[in-house]
Amino acid sequence: MAILLFMINLFFFSLCASAVLAFIIFVPLAIYGIPYNLWVGSQNCVGRHLDKKDESLSNRTKNATKLYASWILRKKPTF
């Protein structure tokens, strides 16, 4: 009986820990990517950077970093 109770507690602990870990990782990543996604959307409406529509999450993060650096340094972004 004690082992069953331990297994249930371990299951719920791992479920809560994975939810907290996902929240800690993906919420800041989403906040970081919002300006980049808005910029790509505005560029797609004009007809530029159409290749950026279907990017993976890692490529979006990498390109967002390049875009933010170009905004800070006041240069044209190069991807």
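The values are calculated or read from the model by the stated rules, or taken from the named source; none is laboratory data. Predicted, not measured: the structure shown is a model, and the values here were computed from it. For neighbour counting, all protein chains shown are included, and Cβ atoms are generated from backbone atoms with ideal geometry for every residue, glycine included.
Quick one: would you say G41 is in a helix (DSSP H, G or I) and modelled with pLDDT under 90? Criteria met by G41. Exactly one residue out of S58, S14 is exposed (fewer than 10 other Cβ atoms within 10 Å of the Cβ) and of a type in the set (S, T, N, Q), and it is S58. Among the residues of region 44-78 satisfying the criterion of being assigned to a loop (DSSP other than H, G, I, E, B) and hydroxyl-bearing (S, T, Y), which is modelled with the lowest pLDDT? Restricting to residues being assigned to a loop (DSSP other than H, G, I, E, B) and hydroxyl-bearing (S, T, Y), the top hit is T78.
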